[in-house]
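Down below is the structure, laid out as structure tokens.
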Amino acid sequence: MSNGQKPSHYAYLVKNYKDAKGEEKARWTQIGIAWPHADNSGFDVVLDVVPLDGRIVVRTPKERD
């Protein structure tokens with residue numbers, strides 16, 4: 001699956017909530033990783049958890065300072 005390579009994407013659980021001031025916020029929790037197929041027609045996704053609510057968002061990793 002990964003062939004020793006770093007994942008190309010990360011999977012996040014995103015849940016919306018309202019803070020103490022009633023403002024809409026989103027909480028992002030990393031729940032998995034993904035690699036593209038050799039033919040670039042899809043992905044293998046490995047999830048550490050399967051959420052019961054919220055949504056799953058898959059994003060490319062950002063460079064960290």
Does residue 16 meet the test of being more than 9 Å from the chain's Cα centre (by Cα), polar (S, T, N, Q) and in a strand (DSSP E or B)?
yes
Scan of the range 31-43 for residues that are at pLDDT below 95 and not hydrophobic (A, V, I, L, M, F, W, C), ordered by number:
36, 37, 39, 40, 41, 42
Please indicate, with yes or no, whether at least one residue in the range 32-43 is surrounded by fewer than 14 Cβ atoms within 10 Å (Cβ to Cβ) and either under 12 Å from the mean Cα position of the chain (by Cα) or touching a residue at least 40 places away in the same chain (Cβ under 8 Å) (or both).
no
Taking the residues in the range 44-65 that are within 18 Å of residue 5 (Cβ to Cβ) and touching a residue at least 24 places away in the same chain (Cβ under 8 Å) as candidates, determine which candidate is surrounded by the fewest Cβ atoms within 10 Å (Cβ to Cβ).
60
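The values are calculated or read from the model by the stated rules, or taken from the named source; none is laboratory data. This is a predicted model, so every value here is computed, not measured. Quick reminder, even Gly has a Cβ in these numbers, built from the backbone with ideal geometry, and neighbours come from all protein chains shown.
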